[in-house]
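Input: a single structure, listed below in structure tokens.
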């Protein structure tokens with residue numbers, strides 16, 4: 001059985017067929033998903049889904065691209081929801097220097113506030129990092145984020161950066177890019193990072209794995225990610241599925 005640790009089935013792209021998407025995921029052996037809410041709309045939808053389906057869990061946080069919009073009230077809402085039995089992480093949070101909607105200093109302030117909140121409510125963190133690796137790792141260290149640990153979501157960095165993140169209690173999550181023919185770094189990470197430190201995810205509807213690249217991603221495709229890791233590590237698919245699920249359940253404190 002597989003665990004998609006980063007799903008956005010709360011996105012508008014799934015409004016018309018979410019039940020069929022969930023059915024396909026179960027049929028593909030995807031037993032659990034963490035549905036990630038990153039603003040008011042997606043948090044509300046994530047909570048609706050996890051209260052409807054017992055095998056879904058939620059992460060709640062505020063996306064760095066929209067950091068400039070976050071209010072104190074939004075932060076309080078995240079803290080309140082953190083007490084919900086189906087909320088297993090704070091995220092996705094982090095830094096995104098690719099889009100320039102939110103100034104870097106504001107992104108960093110919002111990131112620090114949410115790390116501090118995660119420590120207060122004792123939940124792991126799901127990290128979004130785009131073109132901001134040095135600042136992300138520095139802030140995680142400065143804020144002592146290793147106390148709660150978490151996930152480097154859809155990791156596309158180097159083996160060296162992966163090792164640095166593992167040293168501060170973060171697991172490395174691989175998604176669709178590991179299946180891309182020209183994806184040198186994710187393939188190296190899949191080979192070098194111990195299986196006990198790996199997770200699998202889709203980030204659906206984005207980052208669709210080969211051979212469906214360019215189409216809408218969905219949770220059932222996480223199987224393709226696990227199969228590619230198995231191939232790269234020269235181990236069985238079952239071994240990857242079993243261990244990455246165990247890793248996810250341990251991190252999210254879901255009863256095995």
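Tabulated data
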| quantity | calculated |
| --- | --- |
| Those residues of the range 236-253 which are closer than 17 Å to residue 29 by Cβ and either touching a strand residue (DSSP E or B) at 6+ places or on another chain (Cβ under 8 Å) or in a loop (DSSP other than H, G, I, E, B) (or both), in sequence order | 236, 240, 241, 243, 244, 245, 247, 248, 249 |
| Qualifying residues in the range 122-149 (those that are surrounded by fewer than 17 Cβ atoms within 10 Å (Cβ to Cβ) and outside any loop (DSSP other than H, G, I, E, B)) - the one farthest from the chain's Cα centre (by Cα) | 142 |
| Subset of the range 33-45 (residues that are under 26 Å from residue 247 (Cβ atoms) and either assigned to a strand (DSSP E or B) or in contact with a helix residue (DSSP H, G or I) (Cβ under 9 Å, 6 or more places away or on another chain) (or both)) | 33, 34, 35, 36, 37, 38, 43 |
| Qualifying residue in the range 188-199 (condition: under 29 Å from residue 118 (Cα atoms), without any contact (Cβ under 8 Å) to a residue 12 or more places away in the chain and surrounded by fewer than 23 Cβ atoms within 10 Å (Cβ to Cβ)) | yes |
| Matching residues, the range 150-187, being in a loop (DSSP other than H, G, I, E, B), free of Cβ contacts under 8 Å to residues at least 60 places away in the same chain and in contact with a helix residue (DSSP H, G or I) (Cβ under 7 Å, 6 or more places away or on another chain) | 155, 156, 157, 158, 168, 169, 183 |
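Each reported figure results from applying straightforward, stated rules to the coordinates on display, with no laboratory input. The structure presented is a predicted model; accordingly, all values stated were derived computationally and were not measured. Positions of Cβ are generated from backbone atoms using ideal geometry, with glycine treated the same way; all protein chains shown enter the neighbour counts.
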